[in-house]
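My structure is below; once you've seen it, I'll send some questions.
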Amino acid sequence: MPPAPNAVANSQTPAWLSPLTQRQTPPPSPSTQLELKFSSVEQELQRINKDFVQSPLQDLESTVAAFQFENLVAGIEAKAAAAEARIGAIEDTISSLKGRIKEIRFYVFHKGLAQHA
């Protein structure tokens, strides 16, 4: 297994230069770690918010539209039922009037026969 590049560079560099060639990155400070954590949380919240804003509002709009449509249909059905009831009442009135007309014709016919007799 070949040695790591830094190991080769370190073995060929003078001892006094060795610390300068080693890339030692200090661990991130606690504030930097917190900033990274907050940043990732913020990105996740933005993603969730974006999904929430798009999806439930569209669902809400379709629910409201469906509810309004159902109310419209229910209103039309109620008006149709009321119209059917009125038509039934009118048919009953017509039937009753036809019966009265027959009675009147019968009375007029028999009264007329009685007068001519």
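Shape of segment 29-116 from its Cα gyration tensor (a ≥ b ≥ c, root eigenvalues): rounded if a/c is under 1.5, otherwise prolate when a/b > b/c, or oblate?
Since a/c reaches 1.5 and a/b is larger than b/c, the shape of segment 29-116 is classed as prolate.
Let me ask something else about it. Going Cα to Cα from K102, which lysines come in below 24 Å? Please leave out same-chain ones fewer than 8 positions away.
Here the lysines satisfying the reach criterion relative to K102 are K111.
List the lysines whose alpha-carbon lies under 30 Å from that of K79, not counting same-chain residues fewer than 8 positions away?
Those lysines meeting the cut-off are K98.
Check the straight Cα-Cα distances from K50 and name the lysines below 25 Å, setting aside those fewer than 8 residues away within the same chain.
Straight-distance partners of K50: K37.
The numbers here are math on the coordinates, done by the rules we state, and not lab data. In this text, all values refer to a predicted model and were calculated from it rather than measured experimentally.
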